[in-house]
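Data block below; observations after.
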Amino acid sequence: MAPPPRGYFTVDEVRAAEAELFERVAAGVPMRRAAHGLANVVAAELRERSGGVAGRAVTLLVGSGDNGGDALWAGAELRRRGAAVTALLLSPERAHAAGLAALRRAGGRIRDARAGSVADLLGAPDLVIDGIVGISGRGSLRPRAAELVAAVRAPIVAADLPSGVDPNTGAVDGPAVWADVTVTFGAYKPVHALAAPRCGRIRLIPIGLRLPEPNLVALEPVAIGAGWPVPGPHDDKYTQGVTGICAGSATYPGAAVLCTGAAVAATSGMVRYAGTAAAQVLARFPEVIAAESVSDTGRVQAWVFGPGAGTDDAARETLAQLLATDLPVVVDADGLTLLAGAPELVTGRAAPTVLTPHAGEFARLTGRELGADRVAAVRALADGWQVTVLLKGRSTLVATPGQPTLVNEAGGSWAATAGAGDVLAGVIGALLAAGREPAWSAAAAARVHALAANLAAHANGAAGAPISATPLLRQLPGAIATLRELAEHA
């Protein structure tokens with residue numbers, strides 16, 4: 001059975017769950033659970049990097065409140081395991097009293113982070129724990145904390161989240177921590193998906209929270225592999241979905257090749273192409289059925305419109321023709337530019353519509369910049385236009401009215417290359433034609449697309465090298481096979 005999606009919970013949701021937990025357990029127990037988990041992760045890091053815990057030097061950057069308390073309690077446990085632990089208190093008068101007392105009893109060293117030079121305070125630790133601010137913090141690091149963090153040369157393990165990064169939006173507006181590992185307590189927060197590069201590797205420590213149904217979720221790779229359409233014993237080329245691609249032009253024939261090729265690679269059905277780049281498409285993919293116009297294409301079960309299609313009157317008429325059907329339609333690239341001037345083409349549609357903007361296209365569609373809260377922005381567009389919106393980025397967001405927002409953290413930015421969006425649009429269209437629902441199609445396509453980019457960047461044993469869209473396209477079958485294999489062995 002496929003695992004449930006991973007949920008990400010806002011500060012308010014976590015705080016409510018914590019309040020309920022505090023009524024069920026003795027005072028201090030949740031923090032001790034969190035600190036024990038943090039200490040274990042730090043110890044594992046020290047063993048992997050330095051061969052052991054005893055004799056290693058650990059520095060705690062300690063702010064006020066519970067996050068500083070987590071770091072202090074963890075420091076006390078590490079001291080008892082033989083590490084030399086120094087706590088640098090950024091607000092000594094507001095440091096967590098019980099945690100501070102525990103570290104003192106264990107023999108830890110405590111210093112006022114406001115006194116003395118940064119170099120003298122930090123020394124040369126083997127590892128640093130970031131306990132400056134937690135999920136209640138807002139804004140960038142204050143000057144002294146920023147000075148200390150900037151001077152760190154050791155690996156950083158962040159308690160709950162990297163300090164200076166907004167917990168709900170992942171936004172950074174000034175100095176903030178870049179963590180090698182983030183240890184989150186009780187629940188994943190949006191920051192862990194929306195600012196994943198800042199978080200490094202993420203470890204979840206359960207502390208007993210009873211959480212609500214999440215409004216931001218990530219499909220697990222196993223679930224995507226299990227749900228990917230593959231031919232059954234009674235399938236033929238028609239029953240598996242016929243994808244229509246309307247893309248490319250005399251100026252941009254490559255967009256047609258990439259988008260159509262992606263649909264061919266994504267499923268085992270049929271792909272029909274309508275447009276002026278038929279010769280180039282057929283030269284690469286002779287299995288495609290080509291026509292000059294959508295009227296001559298024949299029966300399809302979903303359409304993709306936009307990559308390289310142009311924005312002239314003829315393109316607009318074709319887009320309007322497709323959106324007037326009762327078929328699912330993916331609108332990308334030039335199609336989005338056309339919709340920015342004619343949103344009425346989609347706002348009244350009953351059939352599924354998937355829009356795939358990047359930040360600039362989002363601004364054209366809405367008339368405003370994306371802003372720091374990407375989740376709220378994509379939800380507003382999806383709700384306002386009653387469509388599914390896939391907002392591109394390293395953390396791709398998929399919003400559909402009445403459903404949780406889906407997030408796909410790509411794990412890298414290898415797909416940030418010209419033509420990669422054309423490939424993504426083709427995969428989404430093929431999944432829609434195979435009968436998958438819009439949000440799942442968009443999120444699953446984003447996961448496979450990201451994995452294919454990663455495989456292409458690391459092909460032939462490479463440590464990671466820039467790629468173009470063509471090798472990404474070539475790796476789609478391998479990416480699908482990888483996820484299918486995960487599902488088979490789950």
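Applying the condition of being open to solvent by less than 90 Å² (accessible area, probe 1.4 Å) and at pLDDT below 95 to the stretch 1-24 and asking which residue is farthest from N168 (Cα to Cα) yields A2. Candidates in the stretch 25-43 are the residues that are in a loop (DSSP other than H, G, I, E, B) and open to solvent by 50 Å² or more (accessible area, probe 1.4 Å); of these, the one that is modelled with the highest pLDDT is A26.
Every residue, every condition in (1) at pLDDT below 95; (2) touching a Pro at 6+ places or on another chain (Cβ under 8 Å); (3) among the hydrophobic types (A, V, I, L, M, F, W, C), yes or no:
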site: L61; (1), (2), (3): no, no, yes
site: E77; (1), (2), (3): no, no, no
site: R81; (1), (2), (3): no, no, no
site: G131; (1), (2), (3): no, no, no
site: P143; (1), (2), (3): no, no, no
site: A146; (1), (2), (3): no, yes, yes
site: G164; (1), (2), (3): no, yes, no
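One residue alone among A463, A425, A415, A487 is in contact (Cβ under 8 Å) with a residue 24 or more places away in the chain and in a loop (DSSP other than H, G, I, E, B), and that residue is A415. Of A187, A255, all but one fail to be of a type in the set (A, V, I, L, M), closer than 30 Å to A16 by Cβ and touching a residue at least 60 places away in the same chain (Cβ under 8 Å); the exception is A187. Taking the stated definitions as given, is L46 assigned by the TED database to the domain that holds V165, of a type outside the set (G, A, S), part of a helix (DSSP H, G or I) and closer than 26 Å to P167 by Cα? No, not satisfied. When G411 is tested against (1) at pLDDT below 95; (2) in contact with a Gly (Cβ under 6 Å, 6 or more places away or on another chain), just one condition goes unmet, and that condition is (2). For the stretch 91-111, taking the residues that are in contact (Cβ under 8 Å) with a residue 24 or more places away in the chain and open to solvent by 30 Å² or more (accessible area, probe 1.4 Å), the one that is farthest from E147 (Cα to Cα) is identified as R105. The single condition among (1) touching a Leu at 6+ places or on another chain (Cβ under 9 Å); (2) of a type in the set (D, E, K, R); (3) under 25 Å from V448 (Cβ atoms) that R201 does not meet is (1). With respect to (1) closer than 24 Å to T396 by Cβ; (2) assigned to a loop (DSSP other than H, G, I, E, B); (3) in contact (Cβ under 8 Å) with a residue 24 or more places away in the chain, the lone exception for A158 is condition (2).
In the stretch 68-90, which residue that is in a helix (DSSP H, G or I) and open to solvent by 10 Å² or more (accessible area, probe 1.4 Å) is nearest to E18 (Cα to Cα)?
Within the stretch 68-90, the subset in a helix (DSSP H, G or I) is 68-80.
Retained after the next criterion (residues that are open to solvent by 10 Å² or more (accessible area, probe 1.4 Å)): 70, 73, 77, 79-80.
Values: D70: 15, W73: 19, E77: 23, R79: 28, R80: 28 Å.
It comes out as D70.
Taken together, the residues in the stretch 49-65 that are among the hydroxyl-bearing types (S, T, Y) and either in contact with a Lys or Arg (Cβ under 7 Å, 6 or more places away or on another chain) or assigned to a helix (DSSP H, G or I) (or both) amount to 2.
Just give me the residues in the stretch 441-473 being open to solvent by 40 Å² or more (accessible area, probe 1.4 Å) and in contact with a Gly (Cβ under 9 Å, 6 or more places away or on another chain), in sequence order. N454, L455, H458, S468, T470, listed by residue number.
How many residues does the stretch 145-180 contain that are more than 17 Å from S64 (Cβ to Cβ) and touching an Asp or Glu at 6+ places or on another chain (Cβ under 7 Å)?
Narrowing the stretch 145-180 to residues more than 17 Å from S64 (Cβ to Cβ): 147, 150-157, 162, 165-166, 168-176, 178-180.
Now narrow it down to the ones that are touching an Asp or Glu at 6+ places or on another chain (Cβ under 7 Å): 154-157, 162, 169, 179.
So the count comes out to 7.
If A350 satisfies every condition in (1) farther than 25 Å from T10 by Cα; (2) touching a residue at least 60 places away in the same chain (Cβ under 8 Å); (3) open to solvent by 50 Å² or more (accessible area, probe 1.4 Å); (4) not basic (K, R) but one, which is the exception? Condition (2) is where A350 drops out.
The values are calculated or read from the model by the stated rules, or taken from the named source; none is laboratory data. Everything numeric here is computed off the predicted structure, so don't read it as measured data. Glycine also receives a Cβ, built like all others from the backbone with ideal geometry; neighbour counts cover every protein chain displayed. Accessible surface is based on the protein model in full, side chains and every heavy atom, while ligands, DNA and RNA are left aside. Shrake-Rupley method; radii C 1.70, N 1.55, O 1.52, S 1.80 Å.
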